[in-house]
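Engineer: Take a look at this one; I'll ask things after.
The values are calculated or read from the model by the stated rules, or taken from the named source; none is laboratory data. Nothing here was measured: the structure is a model prediction, and the numbers come from that model. For neighbour counting, all protein chains shown are included, and Cβ atoms are generated from backbone atoms with ideal geometry for every residue, glycine included. These area figures cover heavy atoms from the full protein model, side chains too; ligands, DNA and RNA do not enter into them. Shrake-Rupley method; radii C 1.70, N 1.55, O 1.52, S 1.80 Å.
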Amino acid sequence: MATWKGLTGEEAAQLARNGKSNAMPTKSGTSVAAIVASNVFTYFNGIFVLLAVLLVVAGSYKNLTILPVIVANMIIGIVQQLRAKQVLDKLALLDVSSYTAVRDGQDVLVPMPDLVLGDVVVLEAGQQIPADAVVLEGEAGVNESLLTGEQDEVQKSVGSELMSGSFVVAGRIVARLTHVGADSYAARLTAQAKEVKDKKSQMVADIDRIILAAGIIIIPVGGLLYWRAISQGVPFSDAITSMVSAVVGMIPEGLYLLVTIALALSAMRLAKKSVLLHDMRSIETLARVDVLCVDKTGTITSGDMVVEELLDARDGEQVRDDALGLLSSYVATVSDANATINALRSYVGSAHELPDAEVTPFSSKLKYSQVVSGDVVYRLGAPEMVLGPQELETCRPMLDERAEAGMRVITFAQGTEEACHALLHVCLRNEIRPDAAATFAEFARQDVGIKVISGDNPVTVSKVAQQAGIKNASSYVSATELDSPQKMRDAVRTYTVFGRVTPEQKKELVLALKDEGLLVAMTGDGVNDILAMKEADCSIAMGSGSDAARQAAQVVLLDNDFASMNDIVFEGRRDINNITRSATLFLYKNIFSLSMALFAIFGAFTYPLTPNQVALISFFNIGLPAFLLAFEPNDAKQKGRFVAEVLLRSLPAALTSFVAIAFMMVFARLFEISQADVATASTYLLSVVGFLILIRLIQPPNMYRIMVLCICSLGFIGGCGFFWRLFDINNMSMRAWVLCAVFAFAEVGVLQILSILLAYIRGKLQWR
């Protein structure tokens, strides 16, 4: 280091003031203010705030029960996103290390963000390269897998360029920083994925469309209802209350809250399993995916190597104690910190270092490491590079057999600089995650396809994928052959394993899969993955991966346990299926309210229900059963569109209630039944169909579902019987009771007929 003076303290300070420090852009992609604003200033909230203002103006304070829904939605969303931000910021702090830099000719310890352009730094095995640099002195093996996806070490010597985000795995070098902070390679690549696309889930997107449609419709409908009431001499306060009652009935406010609560509870359950969600909605997206793209290292394997067996070079049998002792001393002597040496140290232990050792670290160029002790040379590396042609040919059958089994063989040899002879062979295997096979088997059961995308050799990746039980893993291709968009499209239809894939090709593979009409999820742990993660419908990062990957991902597996993916899929499918079922209840009320509002306008009738009666039905017919049914286990894969499925289920019931209550209003005029009796009868008629829907939704029945039906039925009866004043339930006349009973019985038959008719039409449309 004496030959390198480095920068002076004043030069470093001036460069920092000029913005030439290694400080990276803000770690967390979203500020607290942005999180709060995104949850507060929504179209959904705006609608209900406007309605609340109108109720306040009209003096109808008791009907402000819509406000808790708004507040609950905002609080749950804000808390969940702030929690995700807090965890990510803590993880980001773990990435900040200090480095030995030369300032004023002295070695000083400098935190990574305080390094500046032109700093001379010392990098040793195990350290991450903090910024782009050029080697001034020494040699080292560098792992660039987080950037390129390639697991092979790259040898760096004087004049070689170093990329930020790489790791020194062997050797020691002195380097000068050439690009720092946002100008570094890793930062530039990260910037391409900084603005992660808004991957709104299908279910939430459909609900937003329903809310938007309702928000547009209620403006003219609400205005006409108010005009009709005023023109009939209805007082201002009553006109406003009636209008708001109809308008609130048209908006599925409880559905939005149910979705928020269900997703939040799923996020909490997953958090206990060390799964972090940037956005609760990603649970649903992952549950719908058709294809999951995974890397070999960090997903199928743990990233570590394990020694499968040691073979004596003479007869392939038990290894001699003297050879084993030499190997133990060898691994204690070399300074390499790669996966192979770490596996050997774990297997054979470390004895005393070899005396008078001259160490040559492993390099990808030589394909071996070397220790010279006295007159003896020891080498550990690829058999092709360590042994002579004749000896290599002798052990060729053993090498081929192990390679076919997916193992990697290295040879420990002893001799001279001119020739070394094998002492033993080390058979290693990528350590398959213990739960990998079960995890991929579960994905196969859930009808989720797997594509393995790696920067490694496709043959090696294929063998590992087969060991993990991935379906069709023997079908592989090298991405070097996919040099056109058409070849890429053909490949995604044909192959399961893709090797030698560049970061740009990972992105192209994801886009090609999406072009096939598939919903794609992508896992990654490095900067090389984030371009593809950005394009995927759902992105998953490992907690031990790069900070850039964690920021780009929607889901972070904090404990790197890939088996947690099954838990996410289960939670998501439970949410999708149960919310789809429960949403039928909400849309039933909304479609009915719109139909009845239009009938009231053009038929010169008063909207029949009061806000409190709507609240009674909303709670016991809709909100409570929907909430209780939303948390049952249900892992069936949802195929159809959310909005189409819900509309087809709810439309027959809504039309049935509309027809029954419309006839009730017409006959009430003929038989001179009071408006109060009409409102109470309408409440009963609307609830009858609501319970008929609930009975259908709980099929096939079980104890829990029957309990839900009983609780809701008793609650509704109790509300009408004990809290009749609160819910505006009137003691009806005999004529009103007779009409109500007739139309209630008619509802059962009409609902059945409409359901059969709509199912027939739906089948015809699907057949075409």
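The rows are residues; the columns are (1) buried (at least 20 other Cβ atoms within 10 Å of the Cβ); (2) within 40 Å of the chain's Cα centre (by Cα); (3) over 20 Å from A332 (Cβ atoms).
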site	(1), (2), (3)
S346	no, yes, no
E353	no, no, no
S369	yes, no, no
V377	no, no, no
P383	yes, no, yes
P389	no, no, yes
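Engineer: Further, regarding this structure: Taking the stated definitions as given, is V371 in contact (Cβ under 8 Å) with a residue 12 or more places away in the chain and within 23 Å of I450 (Cα to Cα)?
Structural biologist: Numbers: in contact (Cβ under 8 Å) with a residue 12 or more places away in the chain: yes; within 23 Å of I450 (Cα to Cα): no.
No, not satisfied.
Engineer: I would also like to ask the following. Take segment 132-145 and flag every residue that is modelled with pLDDT of 90 or more and either crowded, with 19+ Cβ neighbours inside 10 Å or more than 11 Å from R176 (Cα to Cα) (or both).
Structural biologist: D132, A133, V135
Engineer: Could you list, ordered by first residue, the pairs with Cβ atoms under 8 Å in which the first is in segment 412-437 and open to solvent by 40 Å² or more (accessible area, probe 1.4 Å) and the second is of a type in the set (D, E), at least 6 apart or interchain?
Structural biologist: Taking only residues 6 or more apart or on different chains, the pairs are T416/D375; H421/E391; R429/E308; E431/D304; D435/D561.
Engineer: Would you mind telling me which numbered condition in (1) within 24 Å of G719 (Cβ to Cβ); (2) at pLDDT below 85; (3) in a helix (DSSP H, G or I); (4) of a type in the set (A, V, I, L, M, F, W, C) A548 fails?
Structural biologist: Condition not satisfied by A548: (1).
Engineer: Another question, then. Of the residues that sit in segment 243-278 and are touching an Asp or Glu at 6+ places or on another chain (Cβ under 9 Å) and outside any helix (DSSP H, G or I), which one is most open to solvent (accessible area, probe 1.4 Å)?
Structural biologist: Ranking the qualifying residues of segment 243-278, first place goes to K273.
Engineer: Is there any pair linking a residue in segment 559-570 that is open to solvent by less than 10 Å² (accessible area, probe 1.4 Å) to one that is in a helix (DSSP H, G or I), with Cβ under 7 Å and at least six apart or on different chains, and which?
Structural biologist: Note: pairs meeting the criteria are F562/A436; F562/T439; M565/T439; I568/L270; I568/I283; I568/L286; V569/L286; V569/A287.
Engineer: Another one. Filter segment 304-330 down to the residues that are in contact (Cβ under 8 Å) with a residue 40 or more places away in the chain, open to solvent by less than 40 Å² (accessible area, probe 1.4 Å) and farther than 17 Å from H421 by Cβ and list them by number.
Structural biologist: Answer for segment 304-330, where residues must be in contact (Cβ under 8 Å) with a residue 40 or more places away in the chain, open to solvent by less than 40 Å² (accessible area, probe 1.4 Å) and farther than 17 Å from H421 by Cβ: M305, V307.
Engineer: Here is a further query. Hey, among the residues in segment 447-479 that are open to solvent by 10 Å² or more (accessible area, probe 1.4 Å) and among the polar types (S, T, N, Q), which one's modelled with the lowest pLDDT?
Structural biologist: N457
Engineer: Looking at L616, L655, L629, which one is open to solvent by 30 Å² or more (accessible area, probe 1.4 Å), in contact (Cβ under 8 Å) with a residue 60 or more places away in the chain and closer than 26 Å to I207 by Cα? Steps first, please.
Structural biologist: On the way: L616 fails: open to solvent by 30 Å² or more (accessible area, probe 1.4 Å); L629 fails: open to solvent by 30 Å² or more (accessible area, probe 1.4 Å).
Of the residues listed, the single one that is open to solvent by 30 Å² or more (accessible area, probe 1.4 Å), in contact (Cβ under 8 Å) with a residue 60 or more places away in the chain and closer than 26 Å to I207 by Cα is L655.
Engineer: Check off (1) modelled with pLDDT of 80 or more; (2) part of a loop (DSSP other than H, G, I, E, B) for I601 and give me the number that stays unchecked.
Structural biologist: (2)
Engineer: Okay, moving on. Can you name every residue in segment 483-500 that is modelled with pLDDT under 90, in a loop (DSSP other than H, G, I, E, B) and under 19 Å from M522 (Cα atoms)? First the steps, then the outcome.
Structural biologist: Taking segment 483-500 as the starting set, the residues that turn out to be modelled with pLDDT under 90 are 483-485, 499-500.
Retained after the next criterion (residues that are in a loop (DSSP other than H, G, I, E, B)): 483-484, 500.
Once the filter is applied, which keeps residues that are modelled with pLDDT under 90, in a loop (DSSP other than H, G, I, E, B) and under 19 Å from M522 (Cα atoms), segment 483-500 yields only R500.
Engineer: List, please: which pairs have Cβ atoms under 6 Å, are six or more places apart or on different chains, and start with a residue in segment 67-84 that is of a type in the set (A, V, I, L, M, F, W, C) and surrounded by 21 or more Cβ atoms within 10 Å (Cβ to Cβ) and end with one that is part of a helix (DSSP H, G or I) and modelled with pLDDT of 70 or more?
Structural biologist: The qualifying pairs are I70/N45; I70/F48.
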